[in-house]
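Every number here is computed from the coordinates shown, using simple stated rules; none is lab data. Everything numeric in this text was worked out from a predicted model, so none of it was measured. Note: ideal-geometry Cβ built from the backbone for every residue, glycine included; neighbour counts use all protein chains shown.
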Amino acid sequence: MHVKAVCLLLSLGLAGCGGAQRLPPPGGAAGPSPQITVTPPSFGDTKPHPWDGRPPQSYAVHGIDASRWQGAVDWPRARAAGVSFAYLKATEGADRVDPQFETYWRGAAAAGIPRGAYHFYYICGPARDQARWFIRNVPRVRGALPPVLDIEWNAHSPTCRKRPDAAHMRAEAEVFLTMLERHYGQRPVVYTTVDFFADTELGRLPRTDFWLRSVAGHPSKVYPGQSWTFWQYSGTGLVPGFSGKVDLNVFHGSVGAWQAWVGAREHP
């Protein structure tokens, strides 16, 4: 997410920089949840890291996150290669929709890959407006994974260089999480980076599953003492079905734990 978000900001600008870009809300009629199956991954990496301690390859459940920068995706091939979940960029700020979101959302579902949507947070915009924008553009469908709030500093933003204090950032994050939880019936996951997590003491958010970025060390070392649900361990992955590099992630648990986690978070 981190690299792709920077690219998107440089090419499109952020909320308030030009006209709004919006797609019609993606469809997705309610129906049976996808079968939760897991295939051992056959992924590569253009810049593999020599892991000290438990490597990501030792985890059972692997997945990806994707945005417009991945281009066309062969989702059935990706699933066969071991993509057991996919998080897809949906919105950014209060007026941006990723132009590939609807295509990816439908494609992953058709391939039987559990999928969820993520929002890239604009530090200089109100959380309430951004939550409303996400809700407006992301369907509430049975079987979808919990939404994700991607919140991090962005030194490359052409419109927002502010770094509000920790209490403000946590309070705004809580507004966003609460609004989405009420609408979707499940508490969102929070994705973040090492510096943002440390600067804002984000681990103090209550009842929150964390998705932690750490491409050069195990989360237990980079985020000492912090529990986590997802670990983004690479931004340079190679996955069949994708023509270029893609982010690689693992779930913190066994196949059984993954099935239980997903099942417990399905909204009625």
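Within a straight-line Cα-Cα reach of under 15 Å, LYS89 can be paired with the following aspartates and glutamates, leaving aside sequence neighbours fewer than 8 residues apart in one chain: ASP65, ASP98, GLU102, ASP150, GLU152, ASP247.
For region 71-168, the relative contact order is 29 percent, taking Cα pairs closer than 8 Å that sit 6 or more residues apart in sequence and dividing their mean separation by the residue count.
Taking square-rooted eigenvalues a ≥ b ≥ c of the alpha carbon gyration tensor, is the chain rounded, prolate or oblate, where a/c under 1.5 means rounded and, failing that, a/b exceeding b/c means prolate? Rounded, since a/c falls under 1.5.
For the chain, what relative contact order do you get, as a whole percent, if you take Cα pairs closer than 8 Å and at least 6 residues apart? The partial results should precede the final answer.
Details: 543 pairs, mean separation 67.8, N = 268.
After rounding, I find 25 percent.
Where does the longest stretch of the chain lie that holds no GluC sites (Glu not before Pro) found in a DSSP loop with 16 or fewer other Cβ atoms within 10 Å? Of all site-free stretches, the longest is 1-200.
Tell me whether region 190-268 comes out rounded, prolate or oblate; compute the Cα gyration tensor, take square roots of the eigenvalues as a ≥ b ≥ c, and use a/c under 1.5 as the rounded threshold. Verdict is oblate for region 190-268. Nearest 5 is fine: what % of DSSP beta bridges in the chain come out antiparallel, could you say? So the antiparallel bridges in the chain amount to around 40 percent.
Using unit Cβ charges (K, R positive; D, E negative) and no other charged atoms, how large, in debye to the nearest 20, is the dipole of region 110-195 about its Cα centre? Could you put the intermediate results ahead of the total?
Values: 12 positive and 8 negative charges, 69 e Å.
The calculated dipole for region 110-195 is roughly 340 debye.
Here's the list of aspartates and glutamates a cross-link from LYS221 could span, going by alpha-carbon distance under 12 Å and ignoring same-chain residues fewer than 8 apart: ASP52. Put in line by how crowded their Cβ is, counting other Cβ atoms within 10 Å and starting with the fewest, VAL189, VAL175, VAL246 read VAL175, VAL189, VAL246.
Rounded if a/c is under 1.5, else prolate if a/b is larger than b/c, else oblate: which is region 124-268, with a ≥ b ≥ c the root eigenvalues of its Cα gyration tensor?
On the way: a/c = 1.35, a/b = 1.07, b/c = 1.27.
Judged from the Cα gyration tensor, region 124-268 comes out rounded (a/c under 1.5).
To the nearest 20 debye, what is the magnitude of the charge dipole of the chain about its Cα centre, counting +1 on the Cβ of each Lys and Arg and -1 on the Cβ of each Asp and Glu?
Details: 28 positive and 21 negative charges, 77 e Å.
Roughly 360 debye for the chain.
Remark: relative contact order (region 151-263) = 17 percent; criterion is Cα-Cα distance under 8 angstrom and separation of 6 or more residues.
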